[in-house]
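So the structure is just underneath, and the comments pick up after that.
The values are calculated or read from the model by the stated rules, or taken from the named source; none is laboratory data. All values reported here derive from a predicted model rather than from experimental measurement. A quick note on method: Cβ atoms are made from the backbone with ideal geometry, for glycine too, and the neighbour counts reach across all protein chains shown. Calculation scope for accessible area: heavy atoms of the full protein, side chains included, ligands and nucleic acids excluded. Shrake-Rupley method; radii C 1.70, N 1.55, O 1.52, S 1.80 Å.
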Amino acid sequence: MEKELIRYSDEELNEFKLLIEKKLEAAQDELKYYHDSIMHLDLHSTDDTATSFQGVEDSNLHVEKEYLHQMQERQQMYIDHLIKALRRIDNKSYGICRSSGKLISKQRLMAVPHATLSIEAKLNRDKA
């Protein structure tokens, strides 16, 4: 006897796809914001600042740029996760826990649409 595959329906997958595409667009806009902010800081260096203030301003500028770079990297990882979720939708494996093989709850996927673990699997992994 062949085991029936448990997955979300095509209609539900389409709902998730629309949600992820909306989040992806917003995430890409935010990534562009970080990129533009870094470029803006590069264009407005402290070359024309009095020497007595230049060290402090350079330090502040460095801290701000480092923060923006970290946020940019984090945003890029989030975008990558969303793109992978769209691929899982396309191959109809979206919403299946990679640990247990059971469906991830719809509520979890609505909150974290790139999730690959159910709450139970994530809690068990975090305990280990």
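Figures for the structure shown
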quantity: Residue within the range 48-61 that is assigned to a helix (DSSP H, G or I), closer than 30 Å to Asp10 by Cα and either modelled with pLDDT under 95 or open to solvent by 90 Å² or more (accessible area, probe 1.4 Å) (or both) present; calculated: no
quantity: Test: residue in the range 70-89 that is touching a strand residue (DSSP E or B) at 6+ places or on another chain (Cβ under 9 Å) and open to solvent by less than 80 Å² (accessible area, probe 1.4 Å); calculated: yes
quantity: Unmet criterion (only one of (1) open to solvent by 70 Å² or more (accessible area, probe 1.4 Å); (2) touching a residue at least 24 places away in the same chain (Cβ under 8 Å); (3) part of a helix (DSSP H, G or I)) for Glu12; calculated: (1)
quantity: Evaluation of Glu4 against (1) within 30 Å of Ser100 (Cα to Cα); (2) open to solvent by 90 Å² or more (accessible area, probe 1.4 Å); (3) at pLDDT 90 or above (one fails), failing number; calculated: (3)
quantity: Test: residue in the range 21-32 that is within 23 Å of Val112 (Cβ to Cβ), touching a strand residue (DSSP E or B) at 6+ places or on another chain (Cβ under 9 Å), modelled with pLDDT of 95 or more and of a type in the set (A, V, I, L, M); calculated: no
quantity: Of all residues making up the range 15-33, the number that are loosely packed, with under 15 Cβ neighbours inside 10 Å, closer than 20 Å to Tyr94 by Cα and of a type in the set (Lys, Arg); calculated: 1
quantity: The range 99-108, residues that are surrounded by 13 or more Cβ atoms within 10 Å (Cβ to Cβ) and within 15 Å of Asn124 (Cβ to Cβ); calculated: Ser99, Ser100, Lys102, Ile104, Arg108
